[in-house]
1. Residue by residue through the range 16-33, note down the ones that are open to solvent by 40 Å² or more (accessible area, probe 1.4 Å) and small (Gly, Ala, Ser).
2. Are there any pairs, at least 6 apart or on different chains, whose C-beta atoms fall under 7 Å, with the first in the range 218-233 and farther than 12 Å from Tyr84 by Cα and the second open to solvent by 50 Å² or more (accessible area, probe 1.4 Å) and modelled with pLDDT under 95, and if so, which?
3. Would you point out the residue of the range 124-154, among those that are among the charged types (D, E, K, R) and in a loop (DSSP other than H, G, I, E, B), that is surrounded by the fewest Cβ atoms within 10 Å (Cβ to Cβ)?
4. Go through the range 85-141 and give me each residue that's of a type in the set (Ser, Thr, Tyr) and within 18 Å of Asn167 (Cα to Cα).
5. Within the range 8-44, track down each residue that is in contact with a Ser or Thr (Cβ under 7 Å, 6 or more places away or on another chain) and among the hydrophobic types (A, V, I, L, M, F, W, C).
6. Scanning the range 233-250 for residues that are of a type outside the set (Gly, Ala, Ser) and in a strand (DSSP E or B), which turns out modelled with the lowest pLDDT?
7. Within the range 325-347, which residues are in contact with a Lys or Arg (Cβ under 9 Å, 6 or more places away or on another chain) and modelled with pLDDT under 85?
8. Taking Gly314 and the conditions (1) more than 29 Å from Ser143 (Cβ to Cβ); (2) open to solvent by 80 Å² or more (accessible area, probe 1.4 Å), which numbered condition does it fall short on, given that it satisfies the others?
Amino acid sequence: MIKKAGLFVDDGCRNCGVLQWARLLHYSPQFELSLLEAEDICNGSLDELDLFICPGGGSARQLRAMQESGQKAVKRFIENGGAYLGICAGCYNILNNPDRLQLLPFEFFNCGCGGTAVLTVEINNAGAAIMDITPGNYEVRYSDGPLMKFSDNFCPGTGEVLAVYRNSVSGAGQSECYDFNGVPAMICGRYGKGRIVGISFHPESNESSYPIAIGALYAAAGVKAIPNFPQTIKRPWRVGFVGRAIIGRTPVLEMFDLESHPDIDLQLIAAPEINAGILRHLDLVVLPHGVPESYKVFFTPQIIESLTGFMERGGKIFTSGNASGFLKNHANLKILPPATRFYPEIFA
């Protein structure tokens, strides 16, 4: 049975995780993917879906983009039997804190202060059964996700812990040092007739944790995703797609355009990959139109120097909209309008 899944792609949804969830759903024939902006949610698009996914980014921005009418639509969708999957920011959204949707009996005791790290999570036996995966320890990417505890305040939903963290980070550079060990990393529960799965980390980011992403979809929607990703062997064009500041449908559609071309080997990249030297292995970098505040954070002096050096060595950069404002003019820099689809332009 094909499930209709909607992925939120409006303000507050950023980084490559959004693109990675879009790829997983798009290339899994068990799901029919819709890309939803806040206006779609407010206008009733959730009524046509089985599953609504809120990816990582900024929880407060996501809820603000939805506005009160969109937030009510999400709660009504779940209450009437819809499934919800929230990752990092999307997990914050459903917690029982006063400024969130208050759907499950958990609350966060930090807000974006945990930092970024590779951590270990332990999937308990009950969680493994719900997700249909092997119990035990998995290496995961954590990036400021909610550190959760059971809430003492009333909440209409019910919930249980599927996984906990089994190590911690030093807290260096943070205002406080948080002990992750034993803290819930993944939860699920019921709100009305609907099912909710919340993940504090990013299972879509690493190969070691990808079974958790598949399992989370199964736990939420009751369908096992079997993705059939495009093969990229022997494709002559190596293209890096920067996912730091994406907003709206267009960047996701641009990604699918590029990936469908038989000559393009597409890599999703962000600052860590660039700082690690991936530009040495690329022919072209694509910077889609996105959130200005996110690009301000992305374009550090080191990133600008790396991208400039990439062009000096003969690499090409295509930008659209506000992504172009951080780089100096260069013969190998092509600037396109915000809504331009990169695919035909690259081969023009």
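1. The answer is none; no residue qualifies.
2. Val223/Met1
3. In this case the residue turns out to be Asp152.
4. Result: Thr116, Thr120, Tyr138.
5. Answer for the range 8-44, where residues must be in contact with a Ser or Thr (Cβ under 7 Å, 6 or more places away or on another chain) and among the hydrophobic types (A, V, I, L, M, F, W, C): Leu36, Cys42.
6. Ile246
7. Glu345, Ile346
8. (2)
The values are calculated or read from the model by the stated rules, or taken from the named source; none is laboratory data. All values derive from a computational prediction rather than experimental measurement. Quick reminder, even Gly has a Cβ in these numbers, built from the backbone with ideal geometry, and neighbours come from all protein chains shown. These area figures cover heavy atoms from the full protein model, side chains too; ligands, DNA and RNA do not enter into them. Shrake-Rupley method; radii C 1.70, N 1.55, O 1.52, S 1.80 Å.
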